[in-house]
Structure formats: C-alpha cells, structure tokens
Amino acid sequence: MKITLIQPKVWKDNPAYVLEPLGLGYLASYLKLKGYTNVSVKLSAFDSEKDIIEDAAKADLVGITVTSPMMTHGNHLAKEIKKRNKNTVIVFGGVHPTACPDTTVKGENIDIVCRGEGEETLYGIAAAVEQNKPYAGIAGISYKIDGKVVHNKTGTPVDNLDSLPYPDRDLIRQTVFSDYFLKFYGRRAAYVFGGRGCPYQCTYCATDSVWNRQVRLRSPENIIGEIEELRRIYGVNYINFADDTFTVNKQHVYDFCDLFKKKKLPVGWGCNVHPRTADKQLFKEMKAAGCTEIWIGVESGSQEILNELKRNYTIEEIKEIFAFAKEAGIKRQSNFIVGTPGESRETLKQTEQLIEQIKPDILLMSLFVPVPGSELYLKARSDGYVKDDMDWSDLKLIHASLPGTRFLSNKELLNEATASYKKMNHHMRRRKFNPIEIARSGFHTLKQAPLTDYPKLVTKLFNYLKRPV
Ligand code: B12
Ligand code: SF4
C-alpha cells in the first residue's frame, strides 16, 4: 500500500514561509510503526508540482496537511491528483480542516477530513482503505456518503505523548531546513514539539481547535532523547520549541533544565513564554540550561485590548517579565498584533510606549487576521466580514481586505500601522549596531557551532553588517 503525504505552498505570491512539517513527520513515523512502510513525503517548497502530483497519483492514500493559507494550493493539488487517479483516497488534515470540517470536506476532490490529532486517525484510515472497509468506525473524521457530509465522533487525543515515535526527520528533510536556519540565523536549528495543548483562551488563536485546552507534556527524557538524535544525525545545535507555551508547567521546565544540564548538551534553545507562567528564578535556570531566547506574544500595549483578547496578564506583568529575562541574559523577542477590533490611535500609541519601555531585542509586528479556529474568526464570520470558503491564500502578514477596527477604517489602520512600525523599527535599528550586543551574540553562536559551519557564519556576519539600515 503506497501512501503519499504532502505539504502545499502557503501564499499565492510567496510560496515559501514553511518550515519542517512536524505533523507529517509524526504521521509518517506512526504509519511506519504500524507497518505501513511505503510512505513518501512531498514538500511544495522543494519538489516540483509535477513530481508531487505524479507520485501522489500512484498512491492508494494521499494525506495533505493544511493551515488556512495553504487551502488554495492544497485544493489545486487534490484536483490534479484526482484527474490522474480518481481512486486515490485524499485526506485533508491540520488546523484548517479541523476548524472548518464542513466546508473542507465539501470540496469535490477531498474524500475525508481528519479533525484534530492525526496519528491514530490516519492509521485507521489506512487500514480501512487497505481492507476496503467502511469509515464508520474511525473516530475524528468527516466524509461524504452519497454527497451528504457525515461527522464521526471526535477522536481521543494521545494521552501519553512518550508513546509516539519521534517524527521521521529524513522524510521531512530536516537537513535542508536546518541548512536554511544556518544560512539566515547562523545556527543549525530544528523545531521540536515538547507538549500539546494550551490552557489559555486567547480570542485570536486557533491552536485549541487541534490540541484542545488539556495540556499533555512529553517527559524530559523523551524530549532530550529527540534532541540528542537531532544533534547526532543532523548536526543540529539549536532547538526552536514549537510548543504553544513551553513554560506552562514550571516544575516540568525545572526537570527538563536539570536533565539538560546533566547531559551537557552543546545545544541552545528558544521557546514561547506566556508572561503568567515564568519568573526570575525560572529564567535563570533556563539560561543555565542553554536557553538563549524567548518569544513573548505581548500583542498590545493597551490593557483594554489585552482584556478583550483574553490574554490574562497586565501591562505591569509584561514589564516585569521582560526585566527578569534581561537580567537572566536571555534575548527577548516580542510579538505584537496590530488592528484587533478595539485598536485606535490611542491604543497604538500605548503599544509604542510599551515597546520603548520593555526594549525587546527582537520586535515582530503583524496585522490582525481572524484565522479559522479562533473565537474572533467566528465573530468576524457572524458579522459577515469573512466566509468559510473564501480564498485564504490572499491572507498575508500585511493584508488589506479586512474592514478595519471599531475606531479606524481599513485605510486608516494600514497608514497608522505602517507609521507605527517605521517608528518602532527605527528604535530597533538604533539597537542593531550596539557593538557589545553583536559581540555577545557572535560569541554565543560560535560556541554552539561546529567548526565546519564557521565559514558560513563569517559570511553571514558580513552580510548582516552590509545590510542597509
Ligand atoms: C511552527 C508554526 C509555524 C511555522 C511554520 C510551520 C510549518 N510547518 O510550516 C511558521 C513560524 C513559519 C508559521 C507561520 C505561520 N503560521 Co504558524 N504555527 C506554528 C505552530 C506554533 C506549530 C506548528 C507545528 O509544528 N505543530 C506540530 C505538529 C505536530 O502539529 P500539526 O502540524 O498540527 O499536525 C498534527 C494535526 O494537525 C494533524 N494533521 C496535520 N496535518 C495532517 C494531515 C493529515 C492527512 C492528517 C490525517 C492529519 C494531519 O496530525 C498531526 C499530528 O497529530 C502552530 C501552533 C500549534 N500549536 O500547532 C502555529 C499555527 C499553525 N500557525 C498559524 C498561523 C496563523 C500562521 C501564519 C498564517 C502567521 C502569519 N500571519 O504569518 C503563518 C502561515 C505559514 C504556514 N506555514 O501556514 C495558526 C494557523 C491558523 C489557521 N487557521 O491556519 C496556528 C494554529 C497558530 C495559532 N495560534 O493560531 N507557523
Ligand atoms: S495565543 Fe498562545 S497562550 Fe493564547 S491560547 Fe494561543 S497558544 Fe495559548
């Protein structure tokens, strides 16, 4: 039985912006564990469309992973595959189909939608396809019988994450992605998912549609085993934890740091932190165990907006957490969303003020988009601003098709946001040529890199310094 798994492109005019598809890596290794060894993974970022379609058309089962902006290309691939082989069973999975199972499965070239976690579900589908059995007993899927959509009962999330095999890194081409990180960020990095589920309920976030709010964590031994493998086989020297909130359970982080230190792994790491889940002591431990940077979704400098987004912290807590991380010597990346429904000139000003006060080391600002799976998406849909079957590939970081906020028209919002970004970027540029910071970060990178990576790192440094400011 041949199975092909595919990662489509993201946006129409910007096909990149994908990283290693961990989800497909998990699905592939789980299928192999269960005896389905003829599995290939095709990545639109690297494989030609012809190659992907031809390979998939020879498969008995095709699995396509999609976030919302991948839907357009995912649908296109499904159509081309079905044109060549109408008997191939095509399954869509990932956050978009999970959030919008009805509209997704109505697509004429999609046979099944997987809702939520996919390992056990895809295995169930593979067994049914192989034995030509009905899909009735497979939990977590939606499909059609005589054109009518049927939703089977919801699947049970994997309780013991340590029972899952590590993602198949060869099939998802870890080396290529790690090389990309080395070229652009000076370190051979890989994504690792240390736990599933987030207890918070931020209104702009879609993550709980796949993972729900119940947090499940892999043991420190299991996570570190994966990191050792990444180091040994792929030469990885930096881990980006993709967990929604790596610090969700402090004791777990302490245990992880203890083991990391005992193993003396020459690997750095970074993770997402929710301000309510960390403190001074935790940051010190994390730093001692190799954490070099944290990413904090601050989102806004306005307390009203934070409350409206159900962010669950105060501006004071933000300031405190940034100060703690600085004291521990951890780089702080702050993410802000501009243009959520309550945004006004005043709240934008408050955001600028907060940025000046917390002085993040890396600043990211993006424009609000109500993504499927989030509470704000449901609101925008009931207000008629977005439709389930709209062309999601039009949604970009800076995009102009939304109606604006309660206080600013779309045009005003874009003008204000652009001005604000320029101002803030200027603040970041002032920090960019701080020689102490350059020396510190250069030393850190060299400490973690194998000697063979040194030439590339020197070229990277020159390019960085040459870049116009
Ligand atoms: C890492 C990450 C990224 C990386 C790229 C990841 C990649 N592989 O390309 C970067 C930083 C580039 C990124 C960018 C963006 N991201 Co992002 N990202 C994530 C994050 C944090 C982790 C993804 C991950 O690795 N998960 C781990 C794997 C194991 O899970 P998985 O892929 O979902 O797979 C499981 C199931 O979904 C299912 N499954 C998945 N595919 C399939 C296929 C089949 C056939 C089956 C049966 C099952 C199945 O089974 C898998 C195993 O259980 C998630 C949040 C989250 N916690 O998931 C957001 C998330 C996916 N991102 C999101 C968004 C909005 C974006 C951006 C649009 C942001 C922006 N405005 O630029 C872009 C879009 C780029 C893109 N690739 O789609 C949203 C998606 C919402 C939506 N409706 O699409 C999420 C959910 C974040 C959120 N809080 O809302 N992202
Ligand atoms: S934004 Fe972060 S903290 Fe909030 S629900 Fe999503 S993953 Fe959890």
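The values are calculated or read from the model by the stated rules, or taken from the named source; none is laboratory data. As the structure is a computational prediction, the values presented were derived from the model and not from experiment. Note that each Cβ is placed from the backbone with ideal geometry, even for glycine, and that neighbours are counted across all protein chains shown.
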By residue number, the members of the range 190-207 that are assigned to a strand (DSSP E or B) and more than 10 Å from ligand 1 (Cβ to nearest atom) are A190
The condition of being buried (at least 24 other Cβ atoms within 10 Å of the Cβ) and within 11 Å of ligand 1 (Cβ to nearest atom) holds, among H73, H96, only for H96
Out of (1) touching a His at 6+ places or on another chain (Cβ under 9 Å); (2) within 16 Å of ligand 1 (Cβ to nearest atom), the one A242 does not meet is (1)
Expected single match for closer than 28 Å to A45 by Cβ, outside any loop (DSSP other than H, G, I, E, B), in contact with an Asp or Glu (Cβ under 6 Å, 6 or more places away or on another chain) and within 12 Å of ligand 1 (Cβ to nearest atom) among I90, I64 is I90
Taking the range 273-290 and keeping residues of a type in the set (S, T, N, Q) and either at positive phi or buried (at least 19 other Cβ atoms within 10 Å of the Cβ) (or both) leaves T277
Scanning the range 36-61 for residues that are charged (D, E, K, R) and part of a loop (DSSP other than H, G, I, E, B), the one surrounded by the fewest Cβ atoms within 10 Å (Cβ to Cβ) turns out to be K58
Looking at the structure I just gave you, is R345 crowded, with 20+ Cβ neighbours inside 10 Å, modelled with pLDDT of 90 or more and touching an Asp or Glu at 6+ places or on another chain (Cβ under 9 Å)? no
Per the filter on the range 23-81, residues acidic (D, E) and in contact (Cβ under 8 Å) with a residue 40 or more places away in the chain are D55, D60
Residue pairs within 7 Å by beta carbon, gap of at least six or interchain, first lying in the range 203-219 and in the same structural domain as N312 (by TED's automatic domain parsing) and within 26 Å of P341 (Cα to Cα), second away from ligand 1 (no atom under 11 Å from the Cβ) and not in a helix (DSSP H, G or I), listed first then second, are T203/L309; T203/K310; Y204/L309; Y204/T340; R213/P199
What about I224, is it β-branched (V, I, T), touching a residue at least 12 places away in the same chain (Cβ under 8 Å), within 13 Å of ligand 1 (Cβ to nearest atom) and surrounded by 14 or more Cβ atoms within 10 Å (Cβ to Cβ)? no
Of N307, N312, the only residue that is within 16 Å of ligand 1 (Cβ to nearest atom), surrounded by fewer than 18 Cβ atoms within 10 Å (Cβ to Cβ) and in the same structural domain as K423 (by TED's automatic domain parsing) is N312
When K183 is run through (1) away from ligand 1 (no atom under 14 Å from the Cβ); (2) at pLDDT below 95; (3) not assigned by TED's automatic domain parsing to the domain that holds R381, the failure sits at (3)
Picking from V386, V369, the residue that is at negative phi, assigned to a loop (DSSP other than H, G, I, E, B), within 15 Å of ligand 1 (Cβ to nearest atom) and free of Cβ contacts under 8 Å to residues at least 24 places away in the same chain would be V386
Of those in the range 145-171 that are under 28 Å from P220 (Cβ atoms) and in contact with a strand residue (DSSP E or B) (Cβ under 6 Å, 6 or more places away or on another chain), the residue surrounded by the fewest Cβ atoms within 10 Å (Cβ to Cβ) is L161
### Task
Please work out if E293 is acidic (D, E), in the same structural domain as A189 (by TED's automatic domain parsing), surrounded by fewer than 22 Cβ atoms within 10 Å (Cβ to Cβ) and within 16 Å of ligand 1 (Cβ to nearest atom).
yes
Hey, does the range 247-266 have a residue that's modelled with pLDDT of 95 or more and within 15 Å of Y191 (Cα to Cα)? no
Cβ pairs under 6 Å, 6+ apart or interchain, first in the range 116-145 and in a strand (DSSP E or B), second of a type in the set (F, W, Y), ordered by first then second residue, are Y143/Y135
*Among the residues of the range 213-222, is any under 17 Å from the mean Cα position of the chain (by Cα) and either among the polar types (S, T, N, Q) or away from ligand 2 (no atom under 14 Å from the Cβ) (or both)?*
no
